[in-house]
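These notes are about the structure you will find just below.
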Amino acid sequence: MATLEQKLDKYAALAVHTGVNIQPGQTLVVNAPLEAAVLVRKIAKKAYEAGAKHVYVEWNDEDLTYIKYKHAPDEAFSEYPLWRAQGMEQLAQEGAAFLSIYSPNPDLLKDVDPKRIATFAKTSSEALRNYRSALMADQNCWSIISVPTPAWAKKIFPHLSEQEAIDKLWDVIFTVTRVHEEDPIQAWEEHNERLAKMVEHLNGKQYKQLIYEAPGTNLTIELVENHVWHGGAAISQGGVRFNPNIPTEEVFTMPHKDGVNGTVRNTKPLNYGGNLIDGFTLTFKDGKVVEFTAETGYETLKHLLDTDEGARHLGEVALVPHRSPISQSNLIFYNTLFDENAACHLALGKAYPTNIEDGATMTKEELAARGVNDSLIHEDFMIGSAELNIDGVTKDGKREPIFRNGNWAFTL
Ligand code: ZN
Ligand code: ZN
């Protein structure tokens, strides 16, 4: 049996090579919680061994975040440090790779005024707009992974002791990220190949519409013309292959921002900036959310939808079979990186320009004219279940099954 130490070594290697795929002479920027220190040191060592020039680490601490939300004055949330925004932009321009270790406590800000959270989310999105746009267009290699933190692990496994919960969560993470396999990097090559086959099939189909049916859901989504499906590995503008998400099980493409009609109900809670939204429905007319309900987090959802015009329109449609390994764990992770890869999902807000042919080189106006949504936010929410059926409508109006009872209706 491999020790935790050995598994962390494999996980670090996977993040550096399969995740951001660091190249000789490149700078690696890591954003990480203090709890990830042991892993981050291993990542830095592997990155230097692969030829990285600099490894910069931006540490974050949720206790400090909470202290700020509770004690700082209101105006602190409508200002963002310019030096940081410009620094991130400069690093992106210089071709750095970006690795985020994302392990939020879903309940961190539950007694904080949602207005403060919404204000700061908007402030930081505006300040970091260019940096985020560069990453969403795959200008740079980027990747997201997670590590257990006590608060997050206890949220998933409330009946276990803190240490047991952390051990259990590591075990789940190592399983779904394939670190438990003999050669995780090779296992990811094979996984990427399987996803690429599905992507190729769907790109050939060029469906005009997707029709979703499930309890509480009756939704028609028009896809943009010349949409491109992606899944698994991506290729940066510099031609380097990388994996934006570890784990990942989705294939995804672009809805037309004005072509969504009907109602959709979520199937897993959404953790938005430290606040949970659950039991919610969104009703769309010509692409726009015109009505919404929520059993939990109504105010948070309202703030999210009111961020800007594009926050009420869709920017992503993603397909994930219900029998995916993450879904089979039968856990709710309260962490979008995991939950989005356990269920079909949609995203409110900005679309990935890479999901339309030549999108990465189009101007803002050209993108808008093609139906590409823009927003300060990009927020995934989960709608998949064992009861979800999806049909595709071909250009000549033929209706074909894509999903039946939560899983692919065909095999390749
Ligand atoms: Zn997605
Ligand atoms: Zn997304």
**OP:** Order by neighbour count: E340, E58, E316, fewest other Cβ atoms within 10 Å first, most last.
**Re:** E58, E316, E340
**OP:** For segment 11-123, build the convex hull from the C-alpha positions and give me its volume per residue in Å³.
**Re:** 109 Å³
Original post:
Is the shape of the chain rounded, prolate or oblate, going by the alpha carbon gyration tensor and its root eigenvalues a ≥ b ≥ c, with a/c under 1.5 for rounded and a/b larger than b/c for prolate?
Top reply: rounded
Original post:
Residue by residue, what Karplus-based ³J(HN,Hα) values in Hz, rounded to whole numbers, does segment 162-176 have, using 6.51, -1.76 and 1.60 with θ = phi - 60° and x for Gly and Pro?
Top reply: 4, 5, 5, 5, 5, 4, 5, 5, 4, 4, 5, 4, 5, 5, 6
Original post:
Each residue of segment 30-40 in order: what ³J(HN,Hα) in whole Hz does its phi give by Karplus 6.51 cos²θ - 1.76 cosθ + 1.60, θ = phi - 60°, with x for Gly and Pro?
Top reply: 10, 10, 8, x, 3, 4, 9, 3, 4, 5, 4
**OP:** For Y272, enumerate residues with amide H under 5 Å from its amide H, sequence gap 5+ or separate chain, H modeled in the peptide plane.
**Re:** I277
Subject >> In sequence order, calculated HN-Hα J values of segment 374-386 (Karplus, 6.51, -1.76, 1.60; Hz; x Gly/Pro) >> reply: 10, 6, 6, 9, 9, 10, 6, 9, 8, 10, x, 6, 6
Subject >> Tensor-based shape of segment 145-225 (alpha-carbon gyration tensor, a/c under 1.5 rounded, otherwise prolate or oblate) >> reply: oblate
Original post:
Amide H neighbours of R241 under 5 Å, counting only residues 5+ apart in sequence or on other chains, H built in-plane at 1.01 Å?
Top reply: S236
Original post:
Counting only residues 5 or more places away or on other chains, whose amide H sits under 5 Å from the amide H of V320 once H atoms are built in the peptide plane?
Top reply: C344, H345
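FYI, it's all coordinate maths here, none of it is from the lab. Just so you know, these numbers come straight off a predicted model, no measurement behind them. Cβ: placed from backbone, ideal geometry, glycine included. Neighbour counts: every protein chain shown.
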